[in-house]
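Worksheet: the structure to be examined is printed underneath.
The values are calculated or read from the model by the stated rules, or taken from the named source; none is laboratory data. Since the structure is predicted, the reported quantities are computational estimates derived from the model, not experimental observations. Neighbour counts run over all protein chains shown; Cβ positions are idealised from the backbone, glycine included.
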Amino acid sequence: MPETLISGRFAGKRALVTGGTQGMGAAILRRLLAEGAQVATTARAAPPPGLVPSLFVQADVSTAAGVRSVVEAVTARFGGLDLLVNVVGGSAAPSGGFAALDDEIWQGELALNLFPAVRFDRAFLPGMIARGAGAVLHISSIQARLPLPEATLAYAAAKAALTTYSKGLSKEVGPKGVRVNTISPGFIETAAATRLIERLATRAGTDAAEARLGLMRSLGGIPIGRPGLPEEVAALAAFLLSAEAASIHGADYVIDGGTVPVV
Ligand SMILES: NC(=O)c1ccc[n+]([C@@H]2O[C@H](COP(=O)([O-])OP(=O)(O)OC[C@H]3O[C@@H](n4cnc5c(N)ncnc54)[C@H](OP(=O)(O)O)[C@@H]3O)[C@@H](O)[C@H]2O)c1
């Protein structure tokens, strides 16, 4: 398809991409802006130089108050949303298996990986339903089906809850014109992941290529031989949000270079 035909796919659309200042969120934000959408984002720290969203709201969206402040600012500026991409997530849990995960850590993982999406959806879906149109994406993880026990069990369980919630939500709102889908990335080499690889290499006295391979091995290998790229996830997200994906609903798209070893 000629570039001119897809460059305005989201012209006139109002979008919120949470966590759009780094990693996959920033790639999705750039992609939606490039294709004509007005895109708001939120993070705890300001966007890096060169990344200019239509609206930036500084907030910690792991809290109800943080989500509320974003909802108020986005509603004041845009009036509502056509596209909602819930990206914020991650894990800060210590290693040491199940016994190292106390209640506070479990609650923190749920607060970051499940509740922001639940709260943003609850705020913006009524407007989409009233207009009979909208598209929602949840960024989950292959850990929802391939949980790693050493440090990320609570994260994996929170992502599984997000994926299941997304499916249930799709059944309720699909008949009302709103599409809901999930993307489950495998190892995606964001700038933060590259920094981690460099730290691991320094600590082990090897180079980045060896450290990257070590991380890939810890997942059981990646058949395509490399991690994914944020821009590859952004391309999938843009497709799923677009009218071309009008009959894709309640689906979970894995983007992992073949990491998940079963169908
Ligand atoms: N990278 C991977 O390999 C991978 C694999 C599977 C799934 N995922 C999932 O994909 C999503 C994006 O991951 P990523 O690696 O691209 O993330 P990232 O590079 O760590 O960026 C995270 C973004 O979310 C923001 N953020 C984090 N905590 C926040 C909070 N409490 N309130 C508001 N904003 C917050 C960050 O900005 P501030 O720090 O300034 O707040 C940043 O913009 C996450 O849900 C992650 O779980 C990642």
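In table form, for the structure just shown:
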| read-out | value |
| --- | --- |
| Residue ID - nearest to the ligand (Cβ to nearest atom), chosen from residues in the stretch 118-152 that are in contact (Cβ under 8 Å) with a residue 60 or more places away in the chain, under 22 Å from Gly66 (Cβ atoms) and not in a loop (DSSP other than H, G, I, E, B) | Ile139 |
| Condition met for Thr41 (hydroxyl-bearing (Ser, Thr, Tyr), assigned to a helix (DSSP H, G or I) and either closer than 23 Å to Lys13 by Cβ or outside the structural domain of Asp121 (by TED's automatic domain parsing) (or both)) | no |
| Some residue of the stretch 204-223 being of a type in the set (Asp, Glu) and within 19 Å of Gly90 (Cα to Cα) | no |
| Complete set of residues in the stretch 211-231 that are buried (at least 17 other Cβ atoms within 10 Å of the Cβ) and within 30 Å of Gly174 (Cβ to Cβ) | Gly228, Pro230 |
| Test: residue in the stretch 70-82 that is of a type outside the set (A, V, I, L, M) and either in a strand (DSSP E or B) or not assigned by TED's automatic domain parsing to the domain that holds Leu236 (or both) | no |
| Some residue of the stretch 80-89 being in contact with a strand residue (DSSP E or B) (Cβ under 9 Å, 6 or more places away or on another chain), surrounded by fewer than 20 Cβ atoms within 10 Å (Cβ to Cβ), under 25 Å from Arg131 (Cβ atoms) and not β-branched (Val, Ile, Thr) | yes |
| Members of the stretch 31-59 found to be free of Cβ contacts under 8 Å to residues at least 24 places away in the same chain, buried (at least 17 other Cβ atoms within 10 Å of the Cβ) and near the ligand (Cβ under 8 Å from one of its atoms), listed by number | Ala59 |
| Single residue of Thr206, Thr202, Thr182, Thr164 found to be among the hydroxyl-bearing types (Ser, Thr, Tyr) and in contact (Cβ under 8 Å) with a residue 40 or more places away in the chain | Thr182 |
